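The values are calculated or read from the model by the stated rules, or taken from the named source; none is laboratory data. If you're wondering where the values come from, they're calculated on a predicted model, not measured in any experiment. Here the Cβ is made from the backbone with ideal geometry for all residues, glycine too, and neighbour counts use every protein chain on show.
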Amino acid sequence: MPGEFDLIRWIQSQHKPSDLVLTGPGDDLAVLKWPANELLLVGVDQVLDGVHFDSTLHSPRAIGRKVMNRNLSDCAAMACLPAAAVATVALPRSVDLEYAKELYLGMRDAADPFACEVVGGDTASWEGKLAMTVAILGRSAGVQPVLRSGAKPGDGIYVTGPLGGSILGRHMTFTPRIFEAAVLVRKHPITAMIDLSDGLSRDLRHVCEQSNVGAVIDASSIPIHDDAIMASRQDRRIPLEHALHDGEDHELLFTTAPDANVPHVRIGTVTAEPGIFIDRDGQRAPLEPKGWEHAI
Ligand SMILES: [Mg+2]
């Protein structure tokens with residue numbers, strides 16, 4: 001990309017000094033002063049044109065926001081606080097400096113509300129489509145990270161918001177549930193947690209497999225997003241199907257002790273017997289994992 005050096009200089013000018021970042025963008029590596037006694041949590045996530053977004057439909061600002069928000073949502077899932085991120089961008093040769101700046105500003109739009117700093121990155125131009133990767137560093141902030149493996153028989157299963165139909169637009173605009181997770185773990189014994197990226201039926205399976213438990217879900221209790229109803233008008237799958245199997249809701253699914261009084265929607269119960277079932281209209285049936293099939 002012409003102006004790559006201008007981009008680096010511009011990104012440096014956008015960076016504000018902080019207690020965490022001793023050396024920000026512009027050196028070979030960023031230097032962070034990690035808080036004493038805090039665990040470091042690390043993850044990485046990528047978005048690809050034609051899979052996770054469509055560059056002919058979505059603005060660079062929205063694409064930058066999405067890639068950062070996917071990483072922030074993983075921080076929510078572990079109940080850690082995001083601290084810093086680094087990014088790589090593979091730019092099509094056709095885009096200009098302003099486009100690259102918008103990608104960066106989109107990442108900042110997502111990261112700034114959570115005080116997560118973008119401390120470095122790498123850009124390259126090529127003949128291919130736009131691809132972006134963000135790696136994130138989270139800090140435990142005095143809380144033991146919540147894993148997928150801690151669900152116990154008898155625990156309630158909860159979600160933090162309505163599900164389904166994110167493809168109508170929410171997959172680009174969701175808010176990672178970082179604050180909700182931070183409140184939950186401080187007030188309640190959360191035993192397992194995951195963010196709903198692949199869809200309820202698939203992500204619940206991840207929790208059950210890693211916790212070595214089963215689950216029974218009550219269909220009538222699943223909160224269904226208005227988008228699921230809209231989507232069902234378009235493809236004639238019922239809204240419940242969208243809520244169960246669409247991905248990229250990025251709400252949290254968590255389990256907690258049976259007597260916990262949690263201000264979120266309970267959708268089912270963890271069982272000692274393996275297998276995931278759904279009760280619907282008085283019938284119990286296996287809940288098959290269908291999950292998200294990159295429908296962009
Ligand atoms: Mg996740």
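How many residues are within 16 Å of the ligand (Cβ to nearest atom) and not in a loop (DSSP other than H, G, I, E, B) if we restrict to the range 42-70?
Of the residues in the range 42-70, 11 are within 16 Å of the ligand (Cβ to nearest atom) and not in a loop (DSSP other than H, G, I, E, B).
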Tell me, yes or no, whether the range 243-252 has at least one residue that is assigned to a helix (DSSP H, G or I), surrounded by 15 or more Cβ atoms within 10 Å (Cβ to Cβ) and not aliphatic (A, V, I, L, M).
-> yes
Say we look at the range 178-214 and pick out the residues that are within 16 Å of the ligand (Cβ to nearest atom) and in a strand (DSSP E or B); which of these is farthest from Val143 (Cα to Cα)?
-> Asp195
Matching residues in the range 32-41 (under 11 Å from Leu81 (Cα atoms), more than 13 Å from the ligand (Cβ to nearest atom) and outside any loop (DSSP other than H, G, I, E, B)) number 1
Does Gly43 count as within 24 Å of Asp74 (Cβ to Cβ), touching a His at 6+ places or on another chain (Cβ under 7 Å) and modelled with pLDDT of 90 or more?
-> no
Within the range 163-177, restricting to residues that are outside any helix (DSSP H, G or I) and more than 14 Å from the ligand (Cβ to nearest atom), the one that is surrounded by the most Cβ atoms within 10 Å (Cβ to Cβ) is Gly164
Considering Val213, Val159, Val185, which residue is in contact with a Ser or Thr (Cβ under 8 Å, 6 or more places away or on another chain) and at pLDDT 95 or above?
-> Val213
Residues satisfying the stated conditions in the range 14-26, i.e. in contact (Cβ under 8 Å) with a residue 60 or more places away in the chain and more than 14 Å from Ala87 (Cβ to Cβ) = Ser18, Leu20, Val21
In the range 262-279, which residue that is in a loop (DSSP other than H, G, I, E, B) and touching a residue at least 24 places away in the same chain (Cβ under 8 Å) is nearest to Lys187 (Cα to Cα)?
-> Val262
Across the range 90-119, what is the number of residues that are modelled with pLDDT under 95 and either outside any loop (DSSP other than H, G, I, E, B) or within 22 Å of the chain's Cα centre (by Cα) (or both)?
-> 1
Kindly indicate whether any position in the range 85-105 is surrounded by 24 or more Cβ atoms within 10 Å (Cβ to Cβ) and within 16 Å of the ligand (Cβ to nearest atom).
-> yes
